[in-house]
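Throughout, read-outs are computed from the coordinates displayed, never taken from laboratory work. Being a predicted model, the structure only gives us computed values, none of them experimental.
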Amino acid sequence: MKLENNSKKTPLIGLFGGAYDPIHNGHLMIANDLIKKLGLDEFIFIPTGISVTEKNLTPAKHRLQMINLALTNKKMKVSTFEVEESLDSKKSFTFDTLKYFFKKNNAINFFIMGSDNFLQINTWKNWKKLLNYSHIILIDRKISKLSLIKHSEIKELYKQNVEKDFYKLKLKRHGYIYRHCMDYIDIASSEVRKKIRLSEDTNKILPEEIRTYITDNNLYKLTGHEI
């Protein structure tokens, strides 16, 4: 679907899925950087409902509330789509989520993922069809992890669809892969939970509102949340 002749600007929307257990400064750095440098109109955090890998997640009400507390930029939003799907015992597959947003918002959607996750994208549901419903933005560092791709079909997917000119991604609704290079806090939520459990300092990796919420609700002290 070409968009060059649209009289109205087509919204540019970033879709950022994850457990967010909890959301941390690394997530927020990525959101702010993409909004500023790529001119995204919206950046949507999409917390996982039921993990495909069957992780034991903190109840969605807490993860959603923490995301809402962290949204300091008016362009940042949160979607409950995957959480709502989980009420019908449906697991959170990225393919289903991208298909939902493609049909729902008539925008140009950018699915955001780390370059390290892209190395294993062949394990995802309908992974070769993800670009039918979105562009993909790979968050990478100057020393790229994409040179480590070993799987031949992933290499081919990247080679055939990579586009260095972001402007071209604005001309159609799906089909390109774009590498976005930036420095960010490279920490997993599992490490954050471990620090909290061990009463270690999290001032540099968690917003103050999130630290307060975690303390007030006694989160991540139980072994059930140690994933």
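A few notes on this one:
- Taking every alpha-carbon pair under 8 Å whose residues sit at least 6 apart, the chain reaches a relative contact order of 24 percent.
- The Cα center of segment 155-204 and the Cα center of segment 84-151 differ in position by 11 Å.
- 19 Å Cα-Cα reach of Lys204 towards lysines, excluding residues that sit fewer than 8 places from it in its own chain: Lys194, Lys195
- Among beta bridges identified by DSSP and lying wholly in the chain, the antiparallel ones come to about 5 percent.
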